[in-house]
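To keep things clear, I will list the structure first and then write my remarks on it.
The values are calculated or read from the model by the stated rules, or taken from the named source; none is laboratory data. The shown structure was predicted, so the numbers you read here are calculated from the model rather than taken from an experiment. Cβ coordinates were reconstructed from backbone atoms using ideal geometry, including for glycine residues, and neighbour counts include every protein chain displayed. The accessibility values were calculated without ligands, DNA or RNA, using every heavy atom of the protein model including side chains. Shrake-Rupley method; radii C 1.70, N 1.55, O 1.52, S 1.80 Å.
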Amino acid sequence: QVQLMESGGGLVQAGGSLRLSCAASGSIFSLSVMGWYRQAPGKQRELVASITSGGYTAYADSVKGRFTISRDNAKNTVYLQMNTLKPEDTAVYYCNLRAVLNFWGQGTQVTVSS
């Protein structure tokens, strides 16, 4: 069983930065694709960024150049560095681990004020 625990969300002004962390339990972290998703009120959950076990990254067009995903396999942790935040980045951010099955964290709220 895999458990994911996000942290690092909060309230920030537009133009500010936040760093999200997601710590995973279990032994499959290093073999898994890790992703950050977000869901704003009234909208569908969307993929923000992902990183493979080999470190290949992909980003949604809306966050390219502003967000950076990284992982530390020794710590079973994936990060999302978010810079130049905009009000439209406001959402609940979820960590995802994709192996044979999908696992989700409980989410962390990010609120960007204008």
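Side notes on the structure shown:
- Per-pair calculated FRET efficiency, R0 = 25 Å: residue 13 and residue 72 via Cβ, rounded to 0.05: 0.30
- Surface calculation, 1.4 Å probe, protein heavy atoms: residue 34 sits at approximately 0 Å² accessible.
- Average accessible area per residue (Å²) across region 28-114 - probe 1.4 Å, nucleic acids and ligands excluded: 52 Å²
- Gap separating the Cα centres of region 68-113 and region 1-41, nearest whole Å: 3 Å
- The chain, relative contact order [Cα under 8 Å, separation at least 6], %: 37 percent
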